[in-house]
Amino acid sequence: MFRKTLFWLHLTCGVTAGLVVLMMSVTGVLLAYERQVLAWADRGHYAERAPGAARQPLAALLAAAQRERPGFEPTAIALSNEPNAPVTFAAGRAGALLVDPYTAAVREPGPAALRDFFETVEGWHRWFNTSGGNRETARAITGACNLVFLVLVLSGVYLWLPRVWKWAAFRARLWFNAQATTSKARDFNWHHVFGIWSALPLAVVVATAVVFSFPWANALVYRSVGEQPPVRGAPPPGGAPSRGDARSAEPEALNGSTPQPLTYDELFARAEAHGDWRTLTLALPPASTARFTIDQGNGGQPQHRHTLTLDAATGDVRSWAPFSSQTPGQRLRIWIRFLHTGEALGIVGQTIAAVVSATSVIMVWTGLALAWRRLIVPLFRRRTAPKPATTA
C-alpha cells in the first residue's frame with residue numbers, strides 16, 4: 001500500500017511540475033560553463049605588452065573608463081594575476097568596463113550578444129524571464145517546482161528498488177536493457193537507469209535550489225548547525241559602523257585633519273604582498289578602510305576566497321578573514337550557493353552538475369511519456385472501442 005501511494009504521489013508530482021522542471025533542466029545545462037565561456041570571450045581583450053611599457057596608475061584607468069561612459073560609477077576594481085589581463089571596473093547591475101593597463105583603452109566585456117544570451121537563459125532558469133510584478137509570481141512557481149522536484153528525486157530512489165530483491169532485477173534497472181525494444185519498455189528502462197545513477201548529485205543540485213527558493217529552507221541551513229539565521233537588513237554585529245559612515249567613526253589626526261588615504265595602486269601593492277592570489281577585488285569607494293576580496297581559486301570556490309581589510313591611510317592590516325574564520329552556518333550557506341552550480345568542486349563539479357541536468361531532461365521526457373501511456377492513452381481506447389451488438 002505504501003509503495004502504491006508513493007507511486008501515485010511521484011506520478012502526480014511529475015505531471016504537475018514536469019514542464020517547469022524540464023525548462024529549469026535545459027537552462028541549467030546551458031548555464032553550466034557560463035563562467036568559462038565568458039572568461040574565454042574576454043581573453044580577446046588581453047593585449048600584448050609592448051617592450052618597456054609600464055602600467056598606468058589605476059586612477060588614470062578609472063578616469064579613462066569614466067570618460068568613455070559618462071556617469072559611470074564603479075563599485076569595485078578587480079585585478080587578475082596575469083600581466084596582460086585588463087583591469088575590470090565593475091558597477092553592479094550597470095555592468096562593467098575593461099581597461100587596458102598599459103594603453104588605457106576601454107572596452108565593453110566580451111561580445112554583448114553572448115552576455116545577453118546567458119542573461120536571458122538565467123532569467124528563464126529563475127523566473128521565466130519575466131519582469132516587474134510578474135517576477136515574484138514566477139519565482140514562487142519555480143520555487144514550488146524545485147520542492148516538487150526534490151520529492152520526485154527522493155521518492156524515485158525508493159520506487160527504483162525492485163519488488164523482488166534479486167541481482168537480475170537490480171541489473172535490469174542499473175544498466176540499459178537490450179531487450180527493451182518497444183518505446184514503452186525503453187522509456188521505463190531509461191527512466192530507471194538515468195534516475196539511479198544521477199540521484200545523489202541531482203538531489204544536491206535540487207536541494208540547494210530549494211534553499212534559494214524558500215526563507216524557511218535558508219533558515220534551516222543555519223539552525224542545522226545551531227545558529228540563528230541572519231536578519232536581512234540588520235546592522236553589522238556589535239554595532240560596527242557601515243561602510244558609509246566608517247570615515248566619521250574614525251578619530252581625527254592630532255592636527256584635526258583626516259589622514260589622506262593611499263592611492264589605489266599603493267593599496268593593491270599591500271594587498272598583493274599578503275599572499276598568493278588569482279584575483280584581487282577592491283570595494284569602492286574605500287573610506288577609512290579598504291576591503292579586498294582575495295580569490296585563490298577559479299572564482300566559484302568559496303573555500304579559496306578570503307577578505308582582507310587594510311587601513312586606507314597607512315596600509316596596515318585591520319583584519320584578515322579567511323573563509324575558515326566564518327561561522328559554520330555562514331560557510332555552509334556559501335558552499336550551498338556554489339554546490340548548486342558545481343563550481344565549488346571546480347570543472348569536475350560543473351561537469352557533474354551539467355550531466356545530471358541533462359539526465360533530468362531525459363527523466364522528465366520519459367516520465368511524461370510513461371504518464372501519457374498510463375493516463376491518457378486508455379481514454380482514447382475507451383472512446384474507440386466498438387459498442388456491443390444488440391439483439392432485437
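So, residue 301, is that one without any contact (Cβ under 8 Å) to a residue 60 or more places away in the chain, within 23 Å of the chain's Cα centre (by Cα) and surrounded by fewer than 18 Cβ atoms within 10 Å (Cβ to Cβ) or not? Taking the combined requirement at face value, the residue does not satisfy it. Restricted to helices (runs of 4 or more DSSP H) entirely inside region 78-196, those with at least 2 residues that are under 23 Å from the mean Cα position of the chain (by Cα) and at pLDDT below 95 are 112-127, 134-160. For region 23-38, state whether one or more residues are over 26 Å from residue 292 (Cα atoms) and either surrounded by fewer than 15 Cβ atoms within 10 Å (Cβ to Cβ) or of a type in the set (Asp, Glu) (or both). There is no residue in region 23-38 that is over 26 Å from residue 292 (Cα atoms) and either surrounded by fewer than 15 Cβ atoms within 10 Å (Cβ to Cβ) or of a type in the set (Asp, Glu) (or both). Residue 242 falls short on exactly one of the conditions (1) surrounded by 15 or more Cβ atoms within 10 Å (Cβ to Cβ); (2) at pLDDT below 80; (3) of a type outside the set (A, V, I, L, M), and that condition is (1). Scanning region 271-309 for residues that are basic (Lys, Arg) and outside any strand (DSSP E or B) turns up just one, 278.
Looking at region 58-77 only, could you name the residues that are in a loop (DSSP other than H, G, I, E, B) and either in contact with a strand residue (DSSP E or B) (Cβ under 8 Å, 6 or more places away or on another chain) or among the polar types (S, T, N, Q) (or both)? Spell out the reasoning first.
Just the residues of region 58-77 that are in a loop (DSSP other than H, G, I, E, B), to begin with: 69-75.
Within region 58-77, 69, 72, 74, 75 qualify.
Can you list residue pairs whose Cβ atoms sit under 8 Å apart, with the first residue in region 344-356 being surrounded by 16 or more Cβ atoms within 10 Å (Cβ to Cβ) and the second being among the aromatic types (Phe, Trp, Tyr) and part of a helix (DSSP H, G or I)? Count only pairs 6 or more apart in sequence or on different chains. Pairs found: 344/335; 344/338.
Of the set (1) among the small types (Gly, Ala, Ser); (2) exposed (fewer than 13 other Cβ atoms within 10 Å of the Cβ); (3) within 27 Å of the chain's Cα centre (by Cα), all apply to residue 199 but (2).
The sole residue among 336, 376 that is at pLDDT below 95, in a helix (DSSP H, G or I) and either crowded, with 18+ Cβ neighbours inside 10 Å or in the same structural domain as residue 148 (by TED's automatic domain parsing) (or both) is 376.
The values are calculated or read from the model by the stated rules, or taken from the named source; none is laboratory data. None of the values given here were measured: they were computed from a predicted structure. Every residue, glycine as well, gets a Cβ built from its backbone with ideal geometry; the counts of neighbours run over all protein chains shown.
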